[in-house]
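Worksheet for the structure shown next.
The values are calculated or read from the model by the stated rules, or taken from the named source; none is laboratory data. Owing to the predicted nature of the structure, the values given are computational and were not obtained by experimental measurement. For neighbour counting, all protein chains shown are included, and Cβ atoms are generated from backbone atoms with ideal geometry for every residue, glycine included.
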Amino acid sequence: MKPMHEIQLQILSRLIFKPSLKYTELKPDKELENNQFSYHLDQLIGLGFIKKDGVNYLLTEIGKEYSSRVETESNKVVKQAKISAWLGCVRTTNNINEYLIYTRKKHPFYGCQGFCSGKIQYGESFIGAACRELLEETGLTGQPKLALVKHYRVFNKTTRLILEDKLMLMFRIDNPTGELKPDLSEGDYSWIAENELNSKVTNYFEDKTAFNHQVEVLRNYDGKILFEETDYYGSNF
């Protein structure tokens, strides 16, 4: 959805604090021309955000959901953190743990290696999202178990500006089944033995310490869910 016009945000903001308003009460600025105000009001009605009930206007369910993201003091839509399912696939071959490592082929983090992740869609369960992403990205199926909740912020190392704000939910998936058929337009996947990770995983999403910690979380998973917050300052975004 394209950014909403300031006048439309002002109209929504007025309705946030009232059950309903009449046309004249809804007008954010008395100096605003009626035809201009009517145009933006009709746009909101067309989007399904506002409906008319007799002489009153009120928010629809869609409008209420959208309005929950509006900062009423500034009349701006608040940017929120992304939520992603993070797939830690582990299998055992000849008593050696192997991890499914992803080499990313798109921006941001082009060429970085580690565990793949995908956005959790609106209304989707966390477990359902992990299962869907696993199948879509690799062709495999499995039973995801939540191991780590990580609030992860990415900053530009030079400017110190924030680039990404993500809530990462890392799942351990033991011995996924099926044939590995990755979406090669997204990235490459390969099973790598734990004793070969240091030599074969060299271009990290964050750094070696962070990657080794992720492997440790998966290796030592005992059913408990861990939580952590980290800030990453880098130049490989």
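Tallying residues that are polar (S, T, N, Q), under 24 Å from the mean Cα position of the chain (by Cα) and on the phi > 0 side of the Ramachandran plot within the range 153-193 yields 0. Could you please find all residues in the range 83-95 being surrounded by fewer than 24 Cβ atoms within 10 Å (Cβ to Cβ) and within 31 Å of the chain's Cα centre (by Cα)? Ile83, Ser84, Val90, Arg91, Thr92, listed by residue number. Once the range 203-227 is narrowed to residues that are exposed (fewer than 13 other Cβ atoms within 10 Å of the Cβ) and touching a strand residue (DSSP E or B) at 6+ places or on another chain (Cβ under 7 Å), the residue that is farthest from Asp174 (Cα to Cα) is Phe227. Could you list all residues from the range 76-108 that are among the β-branched types (Val, Ile, Thr) and touching a residue at least 60 places away in the same chain (Cβ under 8 Å)? Selection gives Val77, Ile83, Val90, Thr92, Thr93, Ile96, Ile101, Thr103. Considering (1) loosely packed, with under 14 Cβ neighbours inside 10 Å; (2) without any contact (Cβ under 8 Å) to a residue 40 or more places away in the chain, the lone condition that Cys131 does not fulfil carries the number (1). The set of residues from the range 58-79 being of a type in the set (Gly, Ala, Ser) and surrounded by fewer than 11 Cβ atoms within 10 Å (Cβ to Cβ) comprises Ser68, Ser74.
For Ile162, the conditions (1) of a type in the set (A, V, I, L, M, F, W, C); (2) surrounded by 18 or more Cβ atoms within 10 Å (Cβ to Cβ); (3) modelled with pLDDT under 95 are fulfilled apart from (2). Residues in the range 83-94 include none that are at negative phi and at pLDDT below 85.
Across the range 17-57, what is the total count of residues that are within 30 Å of Gly123 (Cα to Cα), of a type outside the set (A, V, I, L, M) and surrounded by 12 or more Cβ atoms within 10 Å (Cβ to Cβ)?
If we filter the range 17-57 for residues that are within 30 Å of Gly123 (Cα to Cα), which is where we start, we get 17-20, 40-53, 57.
Subset that is of a type outside the set (A, V, I, L, M): 17-20, 40, 42-43, 46, 48-49, 51-53, 57.
Checking the rest, the ones that are also surrounded by 12 or more Cβ atoms within 10 Å (Cβ to Cβ) come to 18, 20, 40, 43, 48-49, 51-52, 57.
Of the residues in the range 17-57, 9 are within 30 Å of Gly123 (Cα to Cα), of a type outside the set (A, V, I, L, M) and surrounded by 12 or more Cβ atoms within 10 Å (Cβ to Cβ).
Considering the range 96-128, the residues that are of a type in the set (A, V, I, L, M, F, W, C) and within 17 Å of the chain's Cα centre (by Cα) include one that is surrounded by the most Cβ atoms within 10 Å (Cβ to Cβ), namely Cys116. The range 29-114 holds strands (runs of 3 or more DSSP E) entirely within its bounds, and those carrying 1 or more residues that are over 16 Å from Leu15 (Cα atoms) map to 82-93, 96-104. Within the range 70-95, the set of residues being closer than 18 Å to Val215 by Cβ and β-branched (Val, Ile, Thr) comprises Val90, Thr92, Thr93.
What's the total number of residues in the range 76-99 that are basic (Lys, Arg) and touching a strand residue (DSSP E or B) at 6+ places or on another chain (Cβ under 6 Å)? Can you show your working first?
In the first step, residues of the range 76-99 are kept if they are basic (Lys, Arg); the result is 76, 79, 82, 91.
Retained after the next criterion (residues that are touching a strand residue (DSSP E or B) at 6+ places or on another chain (Cβ under 6 Å)): 82, 91.
Residues meeting the conditions: 2.
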